[in-house]
Number of protein chains: 2
Amino acid sequence: MTILVFGHKSPDTDSTGSPIIWAWYLSSVKGTPAEARLLGEPNTEAAFMLNRWDLEKPEIVETVEAGTPVVIVDTNNPAELPEGINDTDITAIIDHHKLVGGLETKGPIDIRIEPVACTATIMWKMIGDDMAQAPKAIKGAMLSCILSDTLEFRSPTTTQEDSAIAHALAEDLGVDIPAYAAEMFAAKSDVSAFSDAELLRMDSKEYEVGGKSFRVSVLETTSPETVLSRKADLMETMPLVAEEDGVDQVLLFVVDILNEESTMLIPNALTKQLAEASFATACGDADTVVLPGVVSRKKQIIPNLKL
Amino acid sequence: MTILVFGHKSPDTDSTGSPIIWAWYLSSVKGTPAEARLLGEPNTEAAFMLNRWDLEKPEIVETVEAGTPVVIVDTNNPAELPEGINDTDITAIIDHHKLVGGLETKGPIDIRIEPVACTATIMWKMIGDDMAQAPKAIKGAMLSCILSDTLEFRSPTTTQEDSAIAHALAEDLGVDIPAYAAEMFAAKSDVSAFSDAELLRMDSKEYEVGGKSFRVSVLETTSPETVLSRKADLMETMPLVAEEDGVDQVLLFVVDILNEESTMLIPNALTKQLAEASFATACGDADTVVLPGVVSRKKQIIPNLKL
C-alpha cells in the first residue's frame with residue numbers, strides 16, 4: 001500500500017517540499033512506494049519552488065482514509081491535520097515543532113523531532129550518505145525549505161546545522177544563496193491574488209493566552225508596504241475571520257524579512273493591551289506598532305504573548 | 001541547572017540503565033550537568049546489572065519539581081511518569097514505545113522514538129563515535145538493557161540493530177552473551193522477596209478492551225514453576241489489586257524465557273472469555289492456559305486482546 005507523506009493544512013515551502021523529499025527517499029532509496037500529498041493550496045513561495053525545480057505539484061487532499069499508511073512531516077498537531085488522523089496508520093513523524101500531544105500510534109514508529117529551523121534539515125541528516133543519489137530537484141527543494149524557514153538565516157530559529165546544510169546544498173547545486181533567496185521572498189511577497197481573509201489565514205496558528213483565544217498570523221514579506229496598504233480592509237475582516245474560526249481575536253504580524261522587524265496591526269483595545277503587555281511597547285493611538293528585531297512567531301511572538 | 005534523566009515508574013533494566021547511560025553522555029561528553037533518577041525500586045534484574053557493573057543506584061524520587069529540566073527515556077506515557085510532568089522543562093524524549101499522546105513541551109525539543117526493542121539501542125546510535133569514550137560500566141549497562149528487552153534476542157520486538165549492537169558491545173567487553181544473559185534472567189526470576197500484589201504490579205500496563213479495563217502484567221522468568229507455585233495466592237490477590245488500582249481485571253502472563261511460551265492465569269469467566277477470544281485457545285476448566293510462542297506483551301499480547 002502506498003504511503004502518503006504530507007505536512008500541515010497551510011502548505012508553506014517546508015510543508016510542500018518536505019513531503020516531496022521524503023516520498024522520494026522512501027520510494028527511490030528505500031524501495032517503499034510513497035507519494036507526497038498537500039492538505040491545501042501551496043503558498044506563492046512554495047509554488048515558486050515547485051516551478052523553479054520542475055517538481056510536480058502534489059495532489060491536494062482534504063481527507064485521508066482510515067488505515068492508510070502515512071508519514072506526517074513539519075507538524076505533530078492534530079488540529080493542523082485531517083480529521084481522524086489517529087485512525088490512519090501513522091508510520092513516521094518528522095518535525096521541528098514543540099510536542100503538542102494528541103497524535104497516537106498503534107505501535108512503536110519512527111519519530112524524529114529536533115529543535116532545528118526546518119524539517120528538511122532533519123531529513124538531510126536522516127538520509128545521510130544516500131543524499132548522493134538525490135536528484136537536483138530534491139536538493140533544490142531542501143535548500144528552498146531551509147532558506148524559507150530560516151528567512152535566509154535571519155530567523156533566531158536558525159541553527160548551525162540548518163546553515164551548514166543549506167550552504168553545502170547551494171554549493172553542490174551552484175546556486176547563489178542571496179540571489180535565490182531574494183527570488184523566493186519576492187514570490188512570497190506577491191500576495192495580490194489573495195483576499196483579505198485568505199491573507200489572515202495563510203500562515204496562522206491558534207494560541208490561548210489569559211483565557212482568550214487568538215489566531216496568530218504572520219506574513220513574511222520583502223514588501224511590507226504592499227500588505228500594509230490593505231491595512232483598513234484587513235482590520236475590517238479580522239472580526240469576521242475570528243467569528244468564523246471561533247477565536248476571540250485575529251492578530252497579524254507583517255514580518256519585514258530584509259529589515260528584520262514586524263509591524264503588528266492594532267485594530268482594537270484588546271489587541272493594544274496584548275501588544276503593550278507582550279512586547280514592552282507603547283501603541284499610543286496608532287493602528288500599527290513596529291516591533292524591531294521580531295521575525296519569528298515560534299521564538300519571539302508566541303513565547304512573549306500575555307494579557 | 002542539572003538535568004534529571006529518568007524512565008518509567010516500574011524500573012526494569014532498560015528504565016534503570018538508560019537514564020544512567022544518557023546522564024553519563026550528557027555530563028561527560030556534552031558537558032551538560034545531568035544525573036539519573038529512578039521513579040521506583042529497580043527490579044531484581046536491574047539491581048543485578050547495577051551490581052555487576054559497579055554502577056551506583058540512582059536516587060529514587062516520586063515527584064519532580066515544576067521547571068526542572070528533564071530527559072524522559074523508555075516511555076512517552078504521562079501515566080507512567082510523575083504527576084505534573086508537563087510542568088517540568090522536558091528537554092528530550094528517547095523511547096521505543098508507541099506514541100500515546102499527552103506529553104507536551106513548551107518549545108521544540110529533541111524527540112527520538114524508534115521501533116527497536118530497547119532504548120539503549122537508540123542511545124548507542126545517537127552517541128555514535130563518542131561511544132569510544134564510554135567506560136566499561138556504560139557499555140555493560142547498554143548490553144544489559146538490550147539483552148533484557150530482547151530476552152536475549154528471543155522476543156519478536158528484536159531488530160537487526162538491537163542484535164548487532166549487543167554483539168558489538170559484548171565483543172568489546174569480552175562478555176559471553178549466553179552466560180551473561182543466563183545470570184541476568186536468573187536474577188529476574190528470583191521473585192521470592194516480592195508479595196503477591198507486588199508481583200502483579202511489577203511489569204504491568206493498563207489497557208482497555210471491549211469496554212473493560214485490564215492491568216496486563218507479565219513476569220519474565222527462567223523458572224515459571226517458582227511463580228506458578230504461588231498461583232492460588234496470586235489469583236486470590238488479583239481482585240484486590242484490581243479494586244485498588246481501579247481496573248476491572250488483572251491479567252498475569254508468566255513468560256517462560258527459555259521455552260518461549262507464556263502461561264496465563266485463568267481465575268474467572270471474564271479472563272477465560274478474553275483468553276479464548278484473544279489467543280484462539282480453549283481453556284476448558286483449567287485455571288491456567290499455555291500460549292506457545294507468546295513472549296512479548298507489546299507485539300503478541302496487547303495487539304491480540306479482545307473480548
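The selection criterion, being of a type in the set (G, A, S) and either touching a residue at least 60 places away in the same chain (Cβ under 8 Å) or outside any helix (DSSP H, G or I) (or both), does not hold for A:A170. Take A:A120 and tell me if it is within 12 Å of chain B (Cβ to nearest Cβ), crowded, with 21+ Cβ neighbours inside 10 Å, closer than 19 Å to A:K9 by Cα and of a type in the set (G, A, S). For A:A120, the condition - within 12 Å of chain B (Cβ to nearest Cβ), crowded, with 21+ Cβ neighbours inside 10 Å, closer than 19 Å to A:K9 by Cα and of a type in the set (G, A, S) - is not met.
Of everything in region B:212-243 that is touching a residue at least 40 places away in the same chain (Cβ under 8 Å) and not β-branched (V, I, T), the residue that is most open to solvent (accessible area, probe 1.4 Å) is B:E236. Going by the conditions given, is A:K205 within 14 Å of another protein chain (Cβ to nearest Cβ) and either assigned to a helix (DSSP H, G or I) or charged (D, E, K, R) (or both)? Against the criterion (within 14 Å of another protein chain (Cβ to nearest Cβ) and either assigned to a helix (DSSP H, G or I) or charged (D, E, K, R) (or both)), A:K205 qualifies.
Of all residues in region A:109-123, which are assigned to a helix (DSSP H, G or I) and in contact with a helix residue (DSSP H, G or I) (Cβ under 8 Å, 6 or more places away or on another chain)? Before the answer, list the steps.
Looking only at region A:109-123, we keep the residues that are assigned to a helix (DSSP H, G or I), and these are A:119-123.
Within region A:109-123, A:T119, A:A120, A:T121, A:M123 meet the criteria.
Across region B:50-69, the qualifying residues are those that are in contact (Cβ under 8 Å) with a residue 60 or more places away in the chain and under 23 Å from B:A141 (Cα atoms), and the one among them that is surrounded by the most Cβ atoms within 10 Å (Cβ to Cβ) is B:L55. Restricted to region A:258-295, and to residues that are over 21 Å from A:L234 (Cα atoms) and among the small types (G, A, S), which residue is nearest to the chain's Cα centre (by Cα)? Ranking the qualifying residues of region A:258-295, first place goes to A:G293. In the set (1) away from chain B (no Cβ under 13 Å); (2) over 25 Å from A:R52 (Cα atoms), the condition left unmet by A:P78 is number (1). Exactly one residue out of B:V175, B:V241 is more than 19 Å from B:K298 (Cβ to Cβ), in contact with a Leu (Cβ under 7 Å, 6 or more places away or on another chain) and assigned by TED's automatic domain parsing to the domain that holds B:Y25: that is B:V175.
Against the test of being of a type in the set (D, E), at pLDDT below 95 and in contact with a His (Cβ under 9 Å, 6 or more places away or on another chain), the options B:E80, B:E104, B:E41 yield a single qualifying residue, B:E80.
Results for (1) in a loop (DSSP other than H, G, I, E, B); (2) surrounded by fewer than 21 Cβ atoms within 10 Å (Cβ to Cβ); (3) more than 9 Å from every other protein chain (Cβ to nearest Cβ), shown as yes or no for each residue.
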| site | (1), (2), (3) |
| --- | --- |
| B:V71 | no, no, yes |
| B:A92 | no, no, yes |
| B:H97 | yes, yes, no |
| B:G107 | yes, yes, no |
| B:K125 | no, yes, yes |
| B:D130 | no, yes, yes |
| B:A141 | no, no, yes |
| B:T158 | yes, no, yes |
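Among residues of region B:262-288 being among the hydrophobic types (A, V, I, L, M, F, W, C) and over 22 Å from B:E206 (Cβ atoms), the one that is surrounded by the most Cβ atoms within 10 Å (Cβ to Cβ) is B:C283.
Please determine whether any residue of region B:19-28 is modelled with pLDDT of 95 or more, not hydrophobic (A, V, I, L, M, F, W, C) and not in a helix (DSSP H, G or I). Quick ask: steps written out before the conclusion?
Step one: of region B:19-28, the residues modelled with pLDDT of 95 or more are B:19-28.
Still in the list and also not hydrophobic (A, V, I, L, M, F, W, C): B:19, B:25, B:27-28.
In the following step, the residues that additionally are not in a helix (DSSP H, G or I) were identified as none.
There is no residue in region B:19-28 that is modelled with pLDDT of 95 or more, not hydrophobic (A, V, I, L, M, F, W, C) and not in a helix (DSSP H, G or I).
The values are calculated or read from the model by the stated rules, or taken from the named source; none is laboratory data. Please read all numbers here as calculations on a predicted model, not as lab measurements. Please note: Cβ atoms are built from the backbone with ideal geometry, for glycine as well, and neighbour counts cover all protein chains shown. Ligands, DNA and RNA are excluded from the accessible area calculation, which covers all protein heavy atoms including side chains. Shrake-Rupley method; radii C 1.70, N 1.55, O 1.52, S 1.80 Å.
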